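What follows is a short report on a single structure.
The values are calculated or read from the model by the stated rules, or taken from the named source; none is laboratory data. These numbers were taken from a predicted model, which means no experiment stands behind them. No Cβ is skipped: glycine too gets one built from the backbone with ideal geometry, and neighbour counts run over all protein chains shown. Please note that ligands, DNA and RNA were not included when accessible areas were found on the heavy atoms of the full protein model with its side chains. Shrake-Rupley method; radii C 1.70, N 1.55, O 1.52, S 1.80 Å.
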Amino acid sequence: MHFIFVCPDNNSVFESDDFKIVDNNGVRADTAGNKFLDAMVALEHPCPYCGRMHRFHVSELMCPFSRDESD
């Protein structure tokens, strides 16, 4: 499974299946009752744009279904 990431250093978009889920606290609910996954996703290899090892909260990831073909 490929996730879509945005490099926080230069805003470049890339896809990768080279990640792991870390700090997984499971599904939680906010005060309005909306459920969300409370976890982080860590790249297993450096970012192809800046060379750093990024970690993202799952809420920071782009939805693959909302991505335009021109992206």
Taking segment 10-31 and keeping only residues that are open to solvent by less than 70 Å² (accessible area, probe 1.4 Å), free of Cβ contacts under 8 Å to residues at least 12 places away in the same chain and part of a strand (DSSP E or B), one is left with ALA29
Looking for something among the basic types (Lys, Arg), at pLDDT 95 or above, surrounded by 11 or more Cβ atoms within 10 Å (Cβ to Cβ) and closer than 15 Å to VAL6 by Cβ - is there at least one such residue anywhere in segment 60-69?
no
Taking segment 32-46 and keeping only residues that are outside any loop (DSSP other than H, G, I, E, B) and either open to solvent by 80 Å² or more (accessible area, probe 1.4 Å) or at pLDDT 95 or above (or both), one is left with LYS35, PHE36, MET40, VAL41, ALA42, LEU43
Tell me, please, whether a residue that is open to solvent by 90 Å² or more (accessible area, probe 1.4 Å), among the charged types (D, E, K, R), out of contact with any helix residue (DSSP H, G or I) (no Cβ under 6 Å at 6 or more places or on another chain) and modelled with pLDDT under 95 can be found in segment 47-59. no
